[in-house]
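Please read the structure below before turning to the comments.
What follows is calculated from the coordinates using simple rules that are stated; it is not laboratory data. Computed from a prediction, not measured in an experiment: that's the story for all the values here. So basically every Cβ, Gly included, is an ideal-geometry build from the backbone, and we count neighbours across all protein chains shown.
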Amino acid sequence: MLNQIDLRGRTPSLAELRRIVPRAELSVDVATDTVRPLLADLQQRGGEALRELGERFDGVRPPHLRVPATALREALESLDPQIRAALDEAIRRVRDVDADQVRADDVTEVAPGALVTQRWVPVRRVGMYVPGGRAVLPSSVVMNVVPAQTAGVPELAVASPPQKEFGGLPHPTILAACELLGVTEVYAVGGAQAIGMFAYGAEGIENPGEQPLACDPVDLITGPGNVYVAAAKRLVQGMVGIDSEAGPTEIAILADDTADADHVASDLISQAEHDPLAGAVLVTDSPDLAAATLKRVAARTEATAHSARVTEALTGTQSAVILVDDIEQGLRVVDAYAAEHLEIHTANARELAFRVNNAGAIFVGPYAPVSLGDYCAGSNHVLPTGGCAAYSSGLGVQTFLKGVHVVEYDEAALKEVADHVVTLANSENLPAHGEAVRARFEG
């Protein structure tokens, strides 16, 4: 079912490895051509454009673009108690992990009377996108909202697609999760148009008997989505901040002959279940494990609920079994791949985990599957995809904080360094910079 790539006996360079490792054939560039006029229309017509786009893409014209407070309360009141208990536990664990990520201000005395303070200031307003297509993802509400709240963000807005079967509101489980977390600004807006609404703001959003008449622009947009959401994020980046473009999900598993083939197969399938473009990659030095895993993948795929979707993902160009000479070569492969999720099933899994440089999140050993991280590990499941883990991190408290330097010098401290400032200013042919310092000691 999966393609096979044999690297045994070869020593490819990093550049070659990046070409060899499997990737989805996905073009955000192509999607931008579709999204650009949509965003332009939204800027001109605001709420009316959002209603029309809901009807066009989601099959329903939302009666309420901003979800009424009563709908949020009713969604939580009718939530299955087991789902509520699971969400409560997920929230608790993510809060515990996030609490340790909060950063204190740093004060450095660079010389007597010369202080530089690094302040950590929360972003003022954040728009969070929660998909609602193939799967309902209340866990994404948790993963976006909890670190933002921990960082101290004062204004949070959530958007999720309107659902025809729920009268044009987002899925009630999404609404319940928002209510559980105290998020009151929720919009029935999906896809690229939600990103545009957050970036530009939108007039004409009003519900009978309620005050809000507009969605104000945000400063930062977070949350996963499809290729059109990624394209919209690319187009608005610079006007607002984004967490990442977040393409299709992916899993890489580094395994030796101690791994359980059934565990490996089930974990590959668990990510393939997300999307036909999801990537599932096994890197192993054991041909026997590879063969056994392929057998278990075939059996489990046939029996799983979303068999057709899983089959499409596992047979795509983005999925493969990669055979390597040894685990050392395997480490080079997974570092080049820079997976969103990396599982390590080896005899020395923890040791290897701390040698990996590039991964969104690393899951160590047989009892830490990616599914745990999706919900209740305490880690965040909004992670960099498509190789972006080589230079970026997953969503966390730091995503929602800005570093601001506060510079305090007294007269003596400035005088001590004045000549150096003037020298450097003159060397750059910016003499007024130096004169601004000299002016304080003239007369």
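Which whole-number percent of Cα pairs in segment 116-214 have a distance greater than 18 Å?
49 percent
Using alpha carbons only, what's the Rg to Rh ratio of segment 247-317 with Rh from Kirkwood?
0.95
Could you tell me the calculated FRET efficiency between VAL406 and ARG84, based on Cβ-Cβ distance and R0 = 45 angstrom, to the nearest 0.05?
E(calc), rounded to 0.05, equals 0.55.
Just want the ordering: PHE363, PHE198, PHE354, from fewest to most Cβ atoms lying within 10 Å of their own Cβ.
In increasing order of surrounding Cβ atoms, one gets PHE354, PHE363, PHE198.
Please get the size of the charge dipole for the chain, origin at its Cα centre, with Cβ charges of +1 on Lys and Arg and -1 on Asp and Glu, quoted in debye to the nearest 20.
It comes to approximately 660 debye.
Taking each pair of distinct Cα atoms in segment 1-111 once, what is the resulting Kirkwood hydrodynamic radius in Å?
21.4 Å
Which of ALA413, MET143, GLY59 sits closest to the plus end of the dipole of the chain, meaning its Cα is farthest towards the positive end, when Lys and Arg get +1 and Asp and Glu get -1 on the C-beta?
GLY59
Check the straight Cα-Cα distances from LYS164 and name the aspartates and glutamates below 17 Å, setting aside those fewer than 8 residues away within the same chain.
Cross-link targets: GLU52, GLU55, ASP58.
Regarding segment 324-443, what's the average projected area of the Cα-atom convex hull, expressed in nm²?
13.3 nm²
Using Cβ counts within 10 Å as a stand-in for footprinting exposure, how do ILE251, ILE344 rank, fewest first?
Ascending Cβ contact count within 10 Å gives the list ILE251, ILE344.
For a quick check: sort TYR409, TYR367 by the number of other beta carbons within 10 angstrom, fewest at the front.
TYR367, TYR409
To the nearest 0.05, how large is the calculated FRET efficiency for ASP419 and ARG119 if R₀ is 41 Å and r is the Cβ-Cβ distance?
0.90
Stretch ARG440-SER393 to full length: gain in nm at 0.36 nm per residue minus the Cα-Cα span?
12.5 nm
Net charge within 11 Å of LEU314 by Cβ-Cβ distance, Lys/Arg positive one each and Asp/Glu negative one each, not counting LEU314 itself?
In short, 0.
Can you compute log10 of I(q)/I(0) for the chain with the Debye formula, treating each Cα as one identical point scatterer, at q = 0.10, 0.12, 0.14 Å⁻¹?
Taking Cα atoms of the chain as identical point scatterers yields -0.80, -1.03, -1.24.
Rounded to the nearest 20 debye, what is the charge dipole size of segment 150-243 about its Cα centre when +1 sits on each Lys and Arg Cβ and -1 on each Asp and Glu Cβ?
That gives a dipole near 400 debye.
Considering the options ALA299, HIS263, ALA280, tell which one lies farthest towards the positive end of the dipole of segment 203-314, charges being +1 on Lys and Arg and -1 on Asp and Glu at the Cβ, about the Cα centre.
ALA299
What does DSSP give for segment 122-265 in terms of the percent of beta bridges that are antiparallel, rounded to the nearest 5?
Bridges in segment 122-265 are about 15 percent antiparallel.
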